[in-house]
Amino acid sequence: MTSDAPLYRHRVHFLSQNFFIKDHRAELLLHAHKYDFDIVFYSELAQFVAAVGLDTGASLFVIDLDALHNMQSDLGDGRKTLMLGELLARLPPGREYVYLQSARQGGRFLLQQRLVDSNCLAYAEKPIANDVLVDKLFNLFVQKKRGDTVRLVALGAAGELDDAALLRQQVEVIHHKEATTLHLRVKELQPDLVLIGDSEFVRLDAIARVLRKNIEADPVRETVLLQRSPDPALTRRALASGFDAILHRSDLDLLTAQLVNRAGKIRVNKDLIGKDRATGLLNKIGLQRKTQDLIRQATQENKPLAFAVIDIDKFKTINDTWGHHFGDIVIKRLCLSLAPHMGERDLLSRFGGEEFVAVFWDCTLPAAWQRLDAMRQAFGAIAFQVGRAETRCFSFSGGLAGFPEQRSENELFLRADAMLYTAKESGRNRICPAP
């Protein structure tokens, strides 16, 4: 391919033994590429250290501790095996490392303690299947990402929270005063976290059950009780009523830290549930929630939205002719060509297979057609190398729908999908409806 854009979004630097690299390289790379990251292998410590020191991105650094047995000590004492302390001393500071170790090493608590105290991001015990290792590394990429703002609706906690400190940690606090209308506010805002004071729970103990039993309730959302002082009987009632956790009004900084930690876990869970692993884009679940949020905002601010469904033309032929791995490359290149055209408040989703959805904020249908057609031309200009001296270009078709003409996320999708069908039937490589 002629494009200079990196094919994979993230990278893993992996220090390991030669035989491990030879035996596992192909399968590890196959799994990693499906998750949109690449692996660079090293069997020499100096090369690994240099690469870590030069890396400026959001990479992961993985060390197989068994590699120590094949590395030479340079302390001049006749030893052929590099000691753990020497390895840790040579690793560039300011980085975190993932350590792989044998079951024998994993059984030594003092070794685990030393690793954890030495810039350890995570450790894993071998043997570990290649696909499992790659899946765990992907989860670490997700956890390292800051993620979206977490929305917290608080009932009966006025003056109890440090709203400004939470906002600095990307936790937005919205206070609500009336318990009997809390379920309506939650339905409207779709928050990630609901915090309820103990006095409100005592006055209306069905409040958590009402929130949880709503068929539209977000499975990732947490409902937390804020207690003035420990009360085991009240705690048991709250947990039985559907609360996920109990926090206590104590030190304000401590309460803030606890809420920030819960928000971090919610972000990770949302990313794992709502993102497509191969591309990092929103999946169907993530798109549905984000689009509903955008429709609420557009209604409040009286802004138009444009909803686009995109489908790669003759994608089955691409897979059948050049293989599914090549098809994955085409999908990733499409992502790279679409992303520069997306605004800060726009949404981009891999809806499934070769089908994508884009939602444009404050955008009329004629303006959306121009933007989507520019994307179509950018993708069509990419030359894919399909043989030693042979390149091919591919295309996509698109269908458009607009809000407020279509009022809901489902109506928008159905209309845009119908327009996509029209574009396909009209010859492909076009956007419908034309302006």
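Just so you know, all these numbers are worked out from the coordinates, no wet-lab data involved. Source: prediction; values computed, not measured. Note: ideal-geometry Cβ built from the backbone for every residue, glycine included; neighbour counts use all protein chains shown.
Work out how much length HIS69 to ASP231 would gain on full extension: take 0.36 nm times their residue separation and subtract the Cα-Cα distance, in nm to one decimal.
Roughly 52.8 nm would be gained on extension.
Suppose only helical runs count, i.e. DSSP H with n ≥ 4. What mean residue ellipticity at 222 nm does that imply for the chain under -39500 (n - 2.57) per run, divided by all residues and rounded to the nearest 500 deg cm²/dmol?
It lands at -13500 deg cm²/dmol.
Starting from the Cα of THR56, step 7 Å along the direction of its Cβ; do the same at ALA374; then give the gap between the two resulting points in nm.
2.7
Tell me, what is the FRET efficiency for GLN112 and GLU425 to the nearest 0.05, using R0 = 45 angstrom and their Cβ-Cβ distance as r?
The calculated FRET efficiency here is 0.15.
Over the Cα atoms of the range 94-215, compute the convex hull volume and normalise it per residue, giving Å³.
Residue-normalised Cα hull volume stands at 194 Å³.
So how far apart, in nm, are the two label points at SER395 and GLU125 if each is 7 Å from Cα heading toward Cβ?
5.7
For the range 224-295, treating each Cα as an identical point scatterer without solvent, what Debye log10 I(q)/I(0) comes out at q = 0.15, 0.16, 0.18, 0.20 1/Å?
-0.71, -0.75, -0.83, -0.88
Tell me the volume per residue, in Å³, of the convex hull enclosing the alpha carbons of the range 217-336.
Value for the range 217-336: 182 Å³ per residue.
Using only the alpha carbons of the range 327-379, determine the length spanned along each of the three principal axes and report them from longest to shortest in whole angstroms.
Each principal axis gives a Cα extent; for the range 327-379 these are 32, 20, 16 Å.
Based on a Kirkwood Rh over C-alpha pairs, give the Stokes-Einstein translational diffusion coefficient of the range 150-274 at 37 °C and viscosity 0.692 mPa s in µm²/s.
It comes out at roughly 226 µm²/s.
Let me know the longest stretch in the chain that avoids all GluC sites (Glu not before Pro) found in a DSSP loop with at most 16 other C-beta atoms within 10 Å.
Between exposed loop sites, the widest span is 217-343.
Taking each pair of distinct Cα atoms in the chain once, what is the resulting Kirkwood hydrodynamic radius in Å? Let's see the in-between values first.
On the way: mean 1/r = 0.0399 Å⁻¹.
Kirkwood radius, the chain: 25.1 Å.
Hey, how many Å between the Cα centroid of the range 221-239 and the Cα centroid of the range 12-58?
A separation of 47 Å, based on Cα centres.
Considering the dipole of the chain built from charges on the beta carbon (Lys and Arg +1, Asp and Glu -1) around the Cα centre, which of LEU88, PHE14, HIS33 is farthest to its positive end?
HIS33
Where in the range 361-391 are there trypsin sites (Lys or Arg not before Pro) that are in a DSSP coil and have at most 11 other Cβ atoms within 10 angstrom of their Cβ? Write down the numbers at each step before the final one.
Working: sites: ARG371, ARG376, ARG388; in loops: ARG388.
Here the sparse-neighbourhood loop sites are ARG388.
With +1 on each Lys and Arg Cβ and -1 on each Asp and Glu Cβ, how big is the dipole of the chain about its Cα centre, in debye rounded to the nearest 20?
Details: 57 positive and 55 negative charges, 84 e Å.
In debye, rounded to 20, the chain gives about 400.
Which lysines have a Cα lying under 18 Å from the Cα of LYS213, excluding residues fewer than 8 positions away in the same chain?
Hits, sequence-local ones excluded: LYS187.
Please compute, for the alpha-carbon atoms of the range 383-435, the extent along each of the three principal axes and give them in descending order in Å.
50, 20, 16
Which whole-number percent gives the relative contact order of the chain, counting Cα pairs below 8 Å spaced six or more residues apart?
This gives 12 percent for the chain.
Please identify every one of the trypsin sites (Lys or Arg not before Pro) in the range 92-186 that sits in a loop by DSSP and has no more than 15 other beta carbons within 10 Å of its own beta carbon. All intermediate terms of the calculation are to be shown ahead of the outcome.
Numbers: sites: ARG95, ARG104, ARG108, ARG114, LYS136, LYS144, LYS145, ARG146, ARG151, ARG168, LYS177, ARG185; in loops: ARG95, ARG108, LYS145, ARG146, LYS177.
Sites meeting the loop and neighbour criteria: ARG95, ARG108, LYS145, ARG146, LYS177.
Over the Cα atoms of the range 335-412, each weighted equally, I'd like the Debye log10 I(q)/I(0) at q = 0.11, 0.12, 0.25, 0.26 Å⁻¹, rounded to two decimals.
The computed values of log10 I(q)/I(0) come out as -0.34, -0.40, -1.35, -1.42.
Ratio of the range 284-432's C-alpha Rg to 2.2 N^0.38 Å, to two decimals?
Normalised Rg, Cα atoms only: 1.06.
Calculate the FRET efficiency for THR180 and ASP244 from the Cβ-Cβ distance with a Förster distance of 22 Å, rounded to the nearest 0.05.
For R0 = 22 Å, the calculated efficiency reads 0.55.
What's the Kirkwood radius of the range 10-144 in Å, using all Cα pairs? Walk me through the intermediate numbers first.
Values: mean 1/r = 0.0655 Å⁻¹.
After inverting the pairwise mean of 1/r, the radius is 15.3 Å.
Please list, or write none, the aspartates and glutamates whose alpha carbon is within less than 14 Å of the alpha carbon of LYS303, excluding same-chain residues fewer than 8 places away.
ASP293, ASP346, ASP362, GLU405
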